[in-house]
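Step one of this worksheet: look at the structure below.
The values are calculated or read from the model by the stated rules, or taken from the named source; none is laboratory data. Worth saying up front: this structure is predicted, and the values here are computed from it rather than measured. Cβ atoms come from the backbone with ideal geometry, glycine included; neighbour counts cover every protein chain shown. Ligands, DNA and RNA are excluded from the accessible area calculation, which covers all protein heavy atoms including side chains. Shrake-Rupley method; radii C 1.70, N 1.55, O 1.52, S 1.80 Å.
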Amino acid sequence: MSDKTNVATITQRHGSSSSNGMSSANGAMDKKIPTVSAGYDNEKHNGSRSNNASVNQSKFIRPEMADVPVQQAAGSTLPLVISKKKGGGADDSEDVNYNPFEHRKVEHPTSDMETFVHLLKGSLGSGILAMPMAFLNAGLWFGLVATFLVGTLCTYCVHILVKCAHILCRRRKIPMMGFADVAEQAFLDGPIGLQRWSRFIRFVVNTFLVIDLIGCCCIYLVFVGTNVKQVVDFYMEDGSEIGIRPWIAIITIPLIFMCLVRNLKFLTPFSMVANLLMFVGIIITFTYVFTDMPSTTERVGVADVVQWPLFFGTVIFALEGIGVVMSLENDMKTPTHFIGCPSVLNLGMGVVITLYTMVGFFGYLKYGPDTAGSITLNLPVEDKLAQSVKLMIAIAIFFTFTLQFYVPMSIIWKGIQHKIAPEKQNWSEYALRVCLVILCGAIAVALPNLGPFISLIGAVCLSTLGMIVPSIIELAVYHEDPGYGRCNWRLWKNIFLICFGIVGFVTGTYISILEFHAEFSQ
């Protein structure tokens, strides 16, 4: 599955060509503006030639060249780059009447309910266990309000991304796009100054997706190591406990062999076990949380402003699911039901935000200033049932690592595969897998503090992907048509979202680094 990009150029002429003079004049006005196309002709890719008409009549084939399989995450690469005018001319009526949803070729489209379930599954991850720590850094009442506000902003930015994807699909006659495709095509449709950066924005989106997912893998290692250490240390004699860093290194070793599995089908049983263990573990955790609940007056209502960036980074890490939304929308039987009011996205994110807020609120109310980076670490280690919860969730996260690892590995491999000789690709891919797992283990060993690590990943990656990039995409898509609205309200709205994302990025990163520095200085 090569990731080579084929380039075709279609010359678009404006006006009538009834005379030589007019044809010559129109020729001077030719525009060659590149656009990403989902058409992929296997014969052309394999070397055979066809006439120019076949380029115009390219059929959509779900590309095997996607950066990531659609079931895993966004970031698919559409293989052709075709030059096409931005608007005007005789084809306008065709563009208006083009319905991308009617041209999608999805083998097993998902219903609204199935998409709703997938959205919940993709958003309800290990981040829910860190929500009490987020409230610790925000305060009980400020955290309650701010979580709903940040969750609403995240959901709105997803709306922006999907709506812009629909506009670009109609405008370019492309059935579907991934996250990186939308970003690239938006820049190609935007002002002239942005067009030269179209490939760069694709690189940025995929890079931040990789960093985010690799960071999540590192957090998983820290999480598993910390929970296992707590349980084992309880049965060890005083002075014989093993530190957290050796535990992370020990856990990394079996993951190296598990991540050599290249077929997701063989990982499905592990995913089922992980989901079951996580569900049972969280239910039991709630029984501890709701036992002997203290009064709200015993907790800080509004935390120090200095701690808010850590709250922002943690909440963004927990709530942001923008990396998978385009994949879910692309697989829907009725994509128009994904956004709007009511919609699958609104209902799904409403449930997610409510659950995360409840866990954060009651988790912090229960444990107060002793709240740990994961709520499971607050469970009484001497209790057998609590020990089983720690181990169940640790095993679930351990198995989830292999699935989470699959996505960044796919993106990276797609980017370098074509540069490696065919006879060397097999062992090269295995070597890359081993190196990436070792890299995750090394980072986790170097940064074993769960709280600042989660905030750092949320601030750096997800504030960029979840707020800044969608806002820039909308500005580029709406640049000429339909414009920024009365009083340029879309411009000011997106400037606010970009500034909010930048402030979260900078402050969250700065505070997280200070936390790490304080840890290493001890």
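Among M392, M176, M358, what's the order by accessible area (1.4 angstrom probe), most exposed first?
Per-residue accessible area, sorted high to low, gives M358, M392, M176.
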* Shape call for region 110-234 from the C-alpha gyration tensor, a ≥ b ≥ c root eigenvalues: rounded (a/c under 1.5), prolate (a/b greater than b/c) or oblate? -> prolate
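Need one word for region 383-510: rounded, prolate or oblate. Basis is the Cα gyration tensor (sqrt eigenvalues a ≥ b ≥ c); a/c below 1.5 gives rounded, then a/b vs b/c decides. Working shown, then result.
Working: a/c = 2.75, a/b = 1.42, b/c = 1.95.
The shape class here is oblate.
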* To do: From the C-alpha gyration tensor of region 268-415, pull out the three semi-axes of the equivalent ellipsoid (sqrt of 5λ each), sorted largest to smallest, in whole Å.
  => 30, 22, 16
* Asked: Residue by residue, what Karplus-based ³J(HN,Hα) values in Hz, rounded to whole numbers, does region 342-351 have, using 6.51, -1.76 and 1.60 with θ = phi - 60° and x for Gly and Pro?
  -> x, 7, 4, 5, 4, 5, x, 5, x, 5
* To do: Go ahead and run the numbers for FRET between H517 and M293, Cβ-Cβ distance against an R0 of 51 Å, rounding to 0.05.
  => 0.90
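So for K419, K493, what's the accessible-area order with a 1.4 Å probe, most first?
Working: K419 155, K493 35 Å².
Result of the area sort, largest leading: K419, K493.
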* Asked: For region 121-521, what log10 I(q)/I(0) values come out of the Debye formula at q = 0.13, 0.14 1/Å, with one point per alpha carbon and no solvent?
  -> -1.16, -1.33
* Structure fact -> Once E519, E423, E114, E382 are ranked on solvent-accessible area with the largest value leading and a 1.4 Å probe, the list reads E423, E382, E114, E519
* **Residues whose placed amide H lies under 5 Å from that of M332, excluding near-sequence neighbours** => T110
